[in-house]
Structure formats: structure tokens, C-alpha cells
1. Among Ile21, Ile112, Ile78, determine the one that fluctuates most according to a GNM of the chain built with springs between C-alpha atoms less than 10 Å apart.
2. Given a 1.4 Å probe and the protein chains all in place, what does the accessible area of Thr106 round to, in Å² to the nearest 10?
3. Using only helices, what value at 222 nm comes out for the chain when you add -39,500 (n - 2.57) per DSSP H run of length 4 or more and divide by the total residues, to the nearest 500 deg cm²/dmol?
4. Specify the inter-centroid distance of segment 45-59 and segment 83-150, based on alpha-carbon positions, in whole Å.
5. Note the listed values [x] 44, 27, 23; [y] 98, 26, 26; [z] 54, 31, 28, then indicate which one is Cα extents along the principal axes in Å calculated from this particular structure.
6. If the elastic network links every pair of Cα atoms under 10 Å, which of Ser83, Ser130, Ser38 fluctuates the most in the Gaussian network model of the chain?
7. Using a simple charge model, +1 on the beta-carbon of Lys and Arg, -1 on the beta-carbon of Asp and Glu, nothing else, what dipole does the chain show about its Cα centre, in debye to the nearest 20?
8. Given an 8 Å cut-off on Cα distances and at least 6 residues of separation, report the relative contact order of segment 36-150 as a percent.
Amino acid sequence: MRRATGFTIIEMLMVIVVAGIMMAVAIPFLRNTSQRTSVHGAADEISRLYATARATSIMRGKLSWLVLDPTTSTAMVIAKQVSGTGIDTISKPDNLTNRYGVTFTTSTDSLIFTPRGVGANLVSTSVILSSTTGGVVDTVWIYPTGKIVR
């Protein structure tokens with residue numbers, strides 16, 4: 001007589017229970033990772049716009065601004081025109097809430113760069129980014145000397 005092969009119902013239930021426990025632990029971790037990635041992406045975007053504003057002021061030999069508007073969650077770069085008295089929009093307004101799901105607060109509403117690429121603001125600026133759905137926060141510190149610390 002041959003013995004039947006296969007899994008018992010107890011073995012199958014144990015596998016299902018262990019898989020359920022692993023999922024219960026992994027899902028909150030993965031959700032938090034997604035929020036953290038969004039906040040860090042927004043911080044990278046602020047750093048990129050900062051570098052763009054600084055480079056624009058050097059290339060044009062004119063003042064440029066990194067404009068931060070926490071009320072609409074937008075950031076953009078503008079600069080004086082090379083010839084004339086107007087203002088050019090270098091980067092369109094980037095809504096960080098729509099793009100990354102974050103809001104931000106800042107200690108300064110705009111950073112001004114001289115034609116040498118040095119910040120005209122005499123104080124350091126902090127940009128605090130928060131995810132809209134939960135407690136993930138990141139801070140970008142911008143110093144007048146051009147240094148960015150995250």
C-alpha cells in the first residue's frame with residue numbers, strides 16, 4: 001500500500017498564518033517608505049531649483065530669485081532679463097503638493113542671488129517639508145555662502 005503524499009491542512013494553515021504576520025509587518029513599513037521617498041524627492045527638487053537660480057545669476061550676470069510660496073506649495077526660479085528691465089521665468093511654478101504630496105514652510109519667501117552666484121540674503125533659510133498624509137519631515141538648510149545641508 002502506498003502512502004499518500006501532500007500537505008496536511010495544519011501545514012497549510014501554518015503557512016497562511018506566517019504569511020499574514022509578515023504582511024502585517026511589511027505593509028506599514030512600505031507605506032512609510034513611500035512617504036519618505038516623496039519628501040526626499042521634494043527636498044531634492046528644492047536643491048535643484050536652488051542650483052538653477054544660482055547658475056542663472058552667474059550665467060546672465062544679473063540677479064535671480066528662488067521664489068518659495070508655502071501658501072500654494074509652489075517653488076520657481078525667476079531672473080532679471082539680460083537686456084531690458086523685465087523679469088524672465090526660468091522654471092515654471094512647481095507645485096510640490098501635486099507632484100510629491102508634501103507641504104512646506106520656510107523662513108524666507110525668496111532667495112536672491114547676485115551676479116557672482118552669492119546669496120544676497122544675510123540669514124540662513126530653512127525649508128521644512130512634510131508629507132500631507134503622515135509624519136515624515138525633512139529640512140533643507142540654505143546658507144548665504146551657497147552651502148545646502150539636508
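The values are calculated or read from the model by the stated rules, or taken from the named source; none is laboratory data. If you're wondering where the values come from, they're calculated on a predicted model, not measured in any experiment. Note that we place each Cβ from the backbone using ideal geometry, even for glycine, and neighbour counts take in every protein chain shown. We work out accessible area using only protein heavy atoms, side chains counted, and drop any ligands, DNA or RNA first. Shrake-Rupley method; radii C 1.70, N 1.55, O 1.52, S 1.80 Å.
1. Maximum among the listed residues: Ile21.
2. About 40 Å², ignoring ligands and nucleic acids.
3. Values: 2 runs with 57 residues, N = 150.
It lands at -13500 deg cm²/dmol.
4. Spelled out, the Cα-based centre of one part sits 10 Å from the other.
5. [y]
6. Of the options given, Ser83 has the highest mean-square fluctuation.
7. Details: 14 positive and 8 negative charges, 80 e Å.
Result for the chain is approximately 380 debye, rounded to the nearest 20.
8. Values: 250 pairs, mean separation 30.5, N = 115.
Over segment 36-150, the number comes to 26 percent.
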